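The values are calculated or read from the model by the stated rules, or taken from the named source; none is laboratory data. Predicted model only: the values in this text are computed from it and were never measured. Counting neighbours? That spans all protein chains shown, and the Cβs are built from the backbone with ideal geometry, glycine included. With ligands, DNA and RNA removed, areas are computed over all heavy atoms of the protein, side chains included. Shrake-Rupley method; radii C 1.70, N 1.55, O 1.52, S 1.80 Å.
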Amino acid sequence: MIYLDYQATTPLAPEAFAAMELWLKTGFANPHSAHAAGRAAAAAVEVARDQVAALLPPGGRVIFTSGATEAINLAIMGAGLPVSAAATEHAAVLDCVQHLGGNILPIDLRWGGGSCLATDGGASSILGQVASSSPPPLDIVERSPSPSQVDGEELLAVMLINNEIGTIQPIADLAAAAHAQNKLFLCDAVQAFGRMPIPDGPDMIAISAHKIHGPKGIGALWVRDGVSLTPQMLGGGQEQGMRSGTLSPALCAGFGAAAKLAAERMAIDAVHVSALWDRALAAFADWTINGATAERYKGNLNLRREGVDAARLISECRNIAFSAGSACASGSGRPSHVLRAIGLTDAQAKSSIRLGFGRYTTAEEIDIAAEAINRAAEAML
């Protein structure tokens, strides 16, 4: 199996597995217990917290969660504010925004030659169509005041690297513009954490371990000092009073080790991924790239080819793991909401594939996969 689905998840780093093993075997004590074994487990959790925090801006705290979805829910639901989000956000953000009903505040996004407009201005609006080529300028957050605002405050959510098309947004500038209008700023940095420096500016940042070669089942929400949230999981309040439930020292240790390794290898990994991107571009010369290429994470190659059925292509190339978009929506049968948001038709979206590669991908694997995918695609035309 050639694995090219790094946006869905990444292989567990050997270093992360090694860090977890002790806490799975003999260091199994509850880190919230007062005895010596519990204190040792708690110390391991704090080491991991520091390792994760080292890749995030100063002046905030790391709250461990079960993953980025829980982190996003805590941020949006816990803020208790009207919320706006871009049409290209992950479903974890958009579903929270939709769930809030009347608290959804549509915003006007201007991306180069296109616009992103809420269609009805009501509670069900997220955002409309956006152009795919240029990042938004600072007027992304400009809008008229709404009577539903709470003390003049809102929450704006924009991701750093898009999980489907890899485009990078100017998060620091957007956060500054939001702050100028008394808005809080949430950044989904799941695809960026450990792969690029995280800009300062956001008030909250959601991250996940399994996207940086750590274990599944753990993520975190970074919260800037002074930002208050209402807990969404009640119980013992173990995680700084913000998240109840027993922490897993093993998962925390694996997350921390993966973050430490990512910090050490960030530049090396970036060079490797860029070389793979160039190789893949040459191999898929007959395909069209979806999304911008300049401001983009090079480990994400989203392509389309007219006449190709992406679902059938994935089925026929059974020895290659790649996708047609987000794993969260892969079984729905609906065209990607991200590809539709950047202006693609349903037919174009359904003829698109996403190739994700990274640290452990080889150039030979890119060549073999490209040959198989191109051969299967030609047979459909």
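Suppose we filter the stretch 266-324 for residues that are aliphatic (A, V, I, L, M) and free of Cβ contacts under 8 Å to residues at least 12 places away in the same chain; how many remain? Reasoning before the result, please.
To start, the set of residues in the stretch 266-324 that are aliphatic (A, V, I, L, M) comprises 266-268, 270-271, 273, 275-276, 280-283, 285, 289, 292, 294, 301, 303, 308, 310-311, 313-314, 320-321, 324.
With the extra rule that they be free of Cβ contacts under 8 Å to residues at least 12 places away in the same chain, the set shrinks to 267-268, 271, 282, 285, 294.
The total comes to 6.
Restricting to the stretch 351-381, give me the number of residues that are within 16 Å of residue 308 (Cβ to Cβ) and among the polar types (S, T, N, Q). First the steps, then the outcome.
Here is the first cut: in the stretch 351-381, the residues within 16 Å of residue 308 (Cβ to Cβ) are 351-355, 369-381.
Going one step further and asking which of them are among the polar types (S, T, N, Q), we end up with 351-352, 374.
Number of matching residues: 3.
Counting residues that are surrounded by 15 or more Cβ atoms within 10 Å (Cβ to Cβ), touching a Cys at 6+ places or on another chain (Cβ under 7 Å) and not acidic (Asp, Glu), which helices (runs of 4 or more DSSP H) fully inside the stretch 297-381 reach at least 2?
In the stretch 297-381, the matching helices (runs of 4 or more DSSP H) lie at 363-380.
In a helix (DSSP H, G or I), under 24 Å from residue 40 (Cβ atoms) and modelled with pLDDT of 95 or more - does that describe any residue in the stretch 234-250? It would help to see each step written out before you state the result.
The first filter runs over the stretch 234-250 and keeps only residues in a helix (DSSP H, G or I), leaving 249-250.
Narrowing the set further to residues that are under 24 Å from residue 40 (Cβ atoms) leaves 249-250.
Cutting the leftovers down to modelled with pLDDT of 95 or more gives us 249-250.
The answer is yes; a qualifying residue exists.
Give the stretch 231-240 a look and list any residue that's over 23 Å from the mean Cα position of the chain (by Cα) and open to solvent by 40 Å² or more (accessible area, probe 1.4 Å), or say none.
Just the residues of the stretch 231-240 that are over 23 Å from the mean Cα position of the chain (by Cα), to begin with: 234-238, 240.
The answer is 234, 235, 236, 238, 240.
Out of 172, 177, report the one residue that is under 29 Å from residue 343 (Cα atoms) and at pLDDT below 90.
Answer to the check: 177.
Looking only at residues that are over 27 Å from the mean Cα position of the chain (by Cα) and among the hydrophobic types (A, V, I, L, M, F, W, C) in the stretch 355-381, which one is modelled with the lowest pLDDT?
Top of the filtered list is 381.
Looking at the stretch 182-230, which of the residues that are on the phi > 0 side of the Ramachandran plot and touching a residue at least 24 places away in the same chain (Cβ under 8 Å) is most open to solvent (accessible area, probe 1.4 Å)?
So the first thing to find is which residues in the stretch 182-230 are on the phi > 0 side of the Ramachandran plot, and the list is 182, 194, 201, 213, 217, 226.
Now restrict to residues that are touching a residue at least 24 places away in the same chain (Cβ under 8 Å): 182, 194, 201, 213, 217.
Numbers: 182: 79, 194: 8, 201: 14, 213: 13, 217: 43 Å².
Ranking the candidates gives 182 first.
Sort out which residues of the stretch 29-70 are more than 16 Å from residue 256 (Cβ to Cβ), in a helix (DSSP H, G or I) and touching a residue at least 12 places away in the same chain (Cβ under 8 Å), and write them in order of number.
Once the filter is applied, which keeps residues that are more than 16 Å from residue 256 (Cβ to Cβ), in a helix (DSSP H, G or I) and touching a residue at least 12 places away in the same chain (Cβ under 8 Å), the stretch 29-70 yields 68, 69, 70.
Evaluate the following for residue 254: is it at pLDDT below 95, open to solvent by less than 50 Å² (accessible area, probe 1.4 Å) and either over 22 Å from residue 343 (Cβ atoms) or among the small types (Gly, Ala, Ser) (or both)? Walk me through it before giving the result.
On the way: at pLDDT below 95: no; open to solvent by less than 50 Å² (accessible area, probe 1.4 Å): yes; either over 22 Å from residue 343 (Cβ atoms) or among the small types (Gly, Ala, Ser) (or both): yes.
Answer is no for this residue.
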